[in-house]
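One structure is given here, and the rest of the page talks about it.
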Amino acid sequence: MPVRRLDPVLIDQIAAGEVIERPAAAVKELVENAIDAGARRIDVVVEKGGRRLIRITDDGSGMGPEDLALAIERHATSKLPEGRLDSIRTLGFRGEALPSIGAVARLTISSRPRAATRSAEEPLPEGIGQREAAGHRIRVDAGRVEPVRPAAIAPGTRVEVEDLFHATPARLKFLKGDRAEAMAVSQVMRRLALARADIAFSLAGDHIAGFDLAAQTADNAGLARRVEALIGTEFMENATRLEASHDQIGVSGFISLPTYHRATAEAQYFFVNGRPVRDRLLLGALRAAYADTIVSGRHSSVVLFLGLDPERVDVNVHPGKLEVRFRDSESVRNLLVRSIRDALAGEGHRAASRPSALLERFRVNERAPMAALPGLGYRPHADPPPAPVEAPPPVWLRGGMAEAQQAFGAKADEPETLAIPPLGFARAQIGETYILAENAEGLVIIDQHAAHERLVYERLKRARAEGGIMRQMLLIPAVVTLDPAARDRLAAAADLLETLGLVVEGFGGDAILIREVPAALAHVDAGKLARETADTLAEWGGCEGLEARLDLVLKSFACHHSIRAGRKLRLEEMDALLREMEATPASAQCNHGRPTSVRLSATDLERLFGRR
């Protein structure tokens, strides 16, 4: 078969397979065109998830009849005035979206330039008034272009896409249901609305939780209002502001506390020079920044804006323009990781607050029958309940009345004028596991093991960074027998483990000899330490870089040395733990990402007892 040129319409249909793979992609391209046109308000309506109708109306600069005719031609654009791809300052630049949509759907573009006027002497077409003559319309049906005609429209542009993919039925078979496609459109619109808080957006249609957002001021307060409207008040209550720059690269936005996380990564929004992206480098940097603090399998929520010279980033690397390439990717990654960690460290002991969910667990269902309430000893239509058995006193009262009064009363050396620290003062220990403290706002319940585990881990990290962890030589070296794989892992990592204070060497067969341990772990079971360290080394395959690998071992060390649940503490020990938590970065969560404390405000307590 001889080589031949493809039909132009077929070329556009092939291109549409890459650029417009679903209704959400068409919405994205058309809304980006409206933003590039300087629109201050953009309204989007979809039907049947976008496959039946997509209508986008904006008040941008608009187009005249000549521009309309060119806009639906392939690779015709107004966004590359200098013909350069190394300094792109607009969202669109390829000139592919409109001809691709027109090749697979029924496309109608109506537009009127903002300054469009018509002289009084110029004759009007028959049946067309002065207002209508200022606008024009062009239609494209599966690649067939109709002539440009006058149209009635306010200044701006209205684009209607009907029966998407009717010209390529095979593509329709790969679309999901109307609800799924509508949700994808909603997600695209949320990203675009976050990218430009200074533009008013509205979204409506079936199967869509629409919105109507007013334009916000171009400052941090305006962005905060837009983020709260789209992501929710709960996110803003559990997020911290981030702003940093280095080497003419800036990053700003909001990041969630490590104890506020989600099951999916869909609430992670990145913008590069105002362009929404889902870039692997940025997502990897985010995972690395939170790796030390978040629960495995959970995802942080962020809204981050990266700004840099357009010549330092290539946006022409992905058909949907969702990925970018940075000229200096290492600088970008380091800035993100460092700034996120610094921002989280600045929050100290602050943890996510979700009191409403916690209160629901405590609240008794008033409509439940007595038989449904366990532990009350009441059974309707049964024999009378047995005589009550006196329960043993709570653990915090077992030391006698004097100790109880000291736990719940004012401390003797606590002046009335003393400022109350954020975590307050310890009042009691519950179940020899939890510390009950009182601060200015209410009660704080601390998991003593989780909190101390984070403190020990941070101490070990500081010691490693400052020159090495102190080691304690064992009076009698410990010989530990392991399975061959675990023994080989320890032997292979001997040099690295020595920098962490654990000195091991082979002892023949499947045995390992432990000569020195970190000074903080001098009293732990050396055999257990060796076995769990070997298990930790087996997890190294999922870690990024040497530092992350070393930190993983330190987490294991910290778990050994931490205060265990079931250990009774004096009030002085509890207060010392609270003060160190307040001074330690990331003390709001343990090494596994779980919260170390829960707070109940005075208002929460009043709700528990029906006072509110």
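The values are calculated or read from the model by the stated rules, or taken from the named source; none is laboratory data. Worth saying up front: this structure is predicted, and the values here are computed from it rather than measured. Note that each Cβ is placed from the backbone with ideal geometry, even for glycine, and that neighbours are counted across all protein chains shown. Side chains included, ligands, DNA and RNA excluded: accessible areas come from the protein's heavy atoms. Shrake-Rupley method; radii C 1.70, N 1.55, O 1.52, S 1.80 Å.
Within the range 277-300, is there a residue that is of a type in the set (K, R), open to solvent by 10 Å² or more (accessible area, probe 1.4 Å) and farther than 26 Å from L554 by Cα? Yes: one or more hits. What do you reckon, is A193 at pLDDT 90 or above and closer than 18 Å to E47 by Cα? Criteria not met by A193.
Report every pair of residues separated by at least 6 positions or lying on different chains whose Cβ atoms are under 7 Å apart, first residue within the range 301-316 and charged (D, E, K, R), second open to solvent by 20 Å² or more (accessible area, probe 1.4 Å). Every condition considered, the pairs that remain are D309/Q248; E311/D86; E311/S87; R312/F326; R312/R327; R312/D328; D314/R325.
A quick yes/no check of all residues on (1) over 12 Å from I435 (Cβ atoms); (2) of a type in the set (F, W, Y); (3) crowded, with 18+ Cβ neighbours inside 10 Å; (4) modelled with pLDDT under 85:
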site: D551; (1), (2), (3), (4): yes, no, yes, yes
site: K555; (1), (2), (3), (4): yes, no, yes, yes
site: R564; (1), (2), (3), (4): yes, no, no, yes
site: Q589; (1), (2), (3), (4): yes, no, yes, yes
site: L600; (1), (2), (3), (4): yes, no, yes, no
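Is there a residue being at pLDDT 90 or above, part of a loop (DSSP other than H, G, I, E, B) and open to solvent by 60 Å² or more (accessible area, probe 1.4 Å) anywhere in the range 340-354? No, the range 340-354 contains no residue that is at pLDDT 90 or above, part of a loop (DSSP other than H, G, I, E, B) and open to solvent by 60 Å² or more (accessible area, probe 1.4 Å).
This table checks each residue for (1) open to solvent by 20 Å² or more (accessible area, probe 1.4 Å); (2) within 26 Å of L322 (Cβ to Cβ); (3) modelled with pLDDT of 95 or more.
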{"residue": "A214", "(1), (2), (3)": "yes, no, yes"}
{"residue": "A221", "(1), (2), (3)": "yes, no, no"}
{"residue": "T233", "(1), (2), (3)": "yes, no, no"}
{"residue": "A239", "(1), (2), (3)": "no, yes, no"}
{"residue": "H246", "(1), (2), (3)": "yes, yes, no"}
{"residue": "V251", "(1), (2), (3)": "no, yes, yes"}
{"residue": "T264", "(1), (2), (3)": "yes, yes, no"}
{"residue": "A267", "(1), (2), (3)": "no, yes, no"}
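State whether one or more residues within the range 30-51 are hydrophobic (A, V, I, L, M, F, W, C), modelled with pLDDT under 90 and on the phi < 0 side of the Ramachandran plot. No, because not a single residue in the range 30-51 is hydrophobic (A, V, I, L, M, F, W, C), modelled with pLDDT under 90 and on the phi < 0 side of the Ramachandran plot. The set of residues in the range 270-301 that are assigned to a strand (DSSP E or B) and under 21 Å from I88 (Cα atoms) comprises F270, F271, V272, R275, P276, V277. One residue stands out in the range 304-319 among those that are in contact with a helix residue (DSSP H, G or I) (Cβ under 9 Å, 6 or more places away or on another chain) and in a loop (DSSP other than H, G, I, E, B): the one that is surrounded by the fewest Cβ atoms within 10 Å (Cβ to Cβ), namely P319. Of the listed requirements (1) modelled with pLDDT of 70 or more; (2) outside any helix (DSSP H, G or I); (3) within 30 Å of A428 (Cα to Cα); (4) open to solvent by 60 Å² or more (accessible area, probe 1.4 Å), L569 misses just one: (4).
Name the residue that is farthest from G253 (Cα to Cα), counting only residues in the range 189-233 that are in a strand (DSSP E or B) and touching a residue at least 60 places away in the same chain (Cβ under 8 Å).
G205
Might you let me know whether the range 320-327 holds any residue that is modelled with pLDDT of 90 or more, surrounded by 17 or more Cβ atoms within 10 Å (Cβ to Cβ) and in contact with a helix residue (DSSP H, G or I) (Cβ under 9 Å, 6 or more places away or on another chain)? Looking through the range 320-327, at least one residue is modelled with pLDDT of 90 or more, surrounded by 17 or more Cβ atoms within 10 Å (Cβ to Cβ) and in contact with a helix residue (DSSP H, G or I) (Cβ under 9 Å, 6 or more places away or on another chain).
Of all residues in the range 425-447, those satisfying the criterion of being in contact with a helix residue (DSSP H, G or I) (Cβ under 7 Å, 6 or more places away or on another chain) and not in a strand (DSSP E or B) are G431, E432, T433, E441. When E432, E416, E438 are screened for being closer than 27 Å to L605 by Cα and at pLDDT below 75, only E416 passes.
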